[in-house]
Amino acid sequence: MKNPDAAADAARRVSLRLDKWLWVARFYKTRSLAVQAIDAGHVRVFDERSKPARTIRAGDFISIRKGATVWNITLTALSDRRGSATDALHLYVESQESIAARDEATSARRAALEALPRFPGRPTKRQRRKLEDFLSEP
């Protein structure tokens, strides 16, 4: 059961630390991972590098890069309590260009993986015998 005071506290909250918000919004599993990403320059606020303690507000534009995936989001709400993934989706809105770029990059990665040859390892004894039989046929 949800606490109605928690929703009111979240609505009254004006600013929050960047690393804590990234953890609450489930972009990173721990706050220390969020701090490492911010320090490495993978998280940008208004296209500028920032520090983990930077205060953010609703309406701020954040760009998050994890590997080959990039999210360009606008904050819609702040919360200092980590909830479910569906609750985390209500904290931000992703731009349509970002969604299209992520989908395109994902499909390109899948196509590249399908083009690679698949060798599961050494053949089994049965597979070797079948191969020898096939190659020794006249």
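Among the residues of region 100-121, is any touching a residue at least 60 places away in the same chain (Cβ under 8 Å) and either exposed (fewer than 12 other Cβ atoms within 10 Å of the Cβ) or over 29 Å from residue 47 (Cβ atoms) (or both)? Reasoning before the result, please.
Within region 100-121, the first condition is being touching a residue at least 60 places away in the same chain (Cβ under 8 Å), and the residues that meet it are none.
There is no residue in region 100-121 that is touching a residue at least 60 places away in the same chain (Cβ under 8 Å) and either exposed (fewer than 12 other Cβ atoms within 10 Å of the Cβ) or over 29 Å from residue 47 (Cβ atoms) (or both).
Test of understanding: among 70, 35, which residue is modelled with pLDDT of 95 or more and closer than 29 Å to residue 109 by Cβ? Give the steps one after another, and end with the answer.
On the way: 70 fails: modelled with pLDDT of 95 or more.
Sole residue among the options that is modelled with pLDDT of 95 or more and closer than 29 Å to residue 109 by Cβ: 35.
If residue 67 satisfies all but one of (1) touching a helix residue (DSSP H, G or I) at 6+ places or on another chain (Cβ under 6 Å); (2) free of Cβ contacts under 8 Å to residues at least 12 places away in the same chain; (3) not polar (S, T, N, Q), what's the number of the condition it fails?
(1)
Considering only residues that are in a helix (DSSP H, G or I) and of a type in the set (A, V, I, L, M, F, W, C), look in region 25-57 and name the one that is farthest from residue 69 (Cα to Cα). Walk me through how you get there before you give the answer.
We begin by selecting, within region 25-57, every residue in a helix (DSSP H, G or I); these are 31-39.
Then drop every residue that is not of a type in the set (A, V, I, L, M, F, W, C), which leaves 33-35, 37-38.
Values: 33: 16, 34: 16, 35: 18, 37: 13, 38: 15 Å.
This residue is 35.
Could you list all residues from region 49-61 that are surrounded by 13 or more Cβ atoms within 10 Å (Cβ to Cβ) and free of Cβ contacts under 8 Å to residues at least 40 places away in the same chain?
49, 50, 52, 54, 58, 60, 61
Please verify whether region 67-90 includes one or more residues that are under 19 Å from residue 21 (Cβ atoms), of a type in the set (Gly, Ala, Ser) and touching a strand residue (DSSP E or B) at 6+ places or on another chain (Cβ under 7 Å).
Of the residues in region 67-90, the ones under 19 Å from residue 21 (Cβ atoms) are 69-90.
Remaining after also requiring of a type in the set (Gly, Ala, Ser): 77, 79, 83-85, 88.
Within this subset, residues satisfying the condition of being touching a strand residue (DSSP E or B) at 6+ places or on another chain (Cβ under 7 Å) are none.
Scanning region 67-90 turns up no residue that is under 19 Å from residue 21 (Cβ atoms), of a type in the set (Gly, Ala, Ser) and touching a strand residue (DSSP E or B) at 6+ places or on another chain (Cβ under 7 Å).
Looking only at region 68-98, how many residues end up being assigned to a loop (DSSP other than H, G, I, E, B), small (Gly, Ala, Ser) and closer than 20 Å to residue 31 by Cβ? First the steps, then the outcome.
So in region 68-98, the residues assigned to a loop (DSSP other than H, G, I, E, B) come out as 68, 76-84, 95.
Checking which are small (Gly, Ala, Ser) leaves us with 68, 77, 79, 83-84, 95.
If we keep only those that are closer than 20 Å to residue 31 by Cβ as well, we get 77, 79, 83-84.
Residues flagged as assigned to a loop (DSSP other than H, G, I, E, B), small (Gly, Ala, Ser) and closer than 20 Å to residue 31 by Cβ within region 68-98 amount to 4.
The values are calculated or read from the model by the stated rules, or taken from the named source; none is laboratory data. Given the structure is predicted, the values throughout are model-derived calculations rather than measurements. Counting neighbours? That spans all protein chains shown, and the Cβs are built from the backbone with ideal geometry, glycine included.
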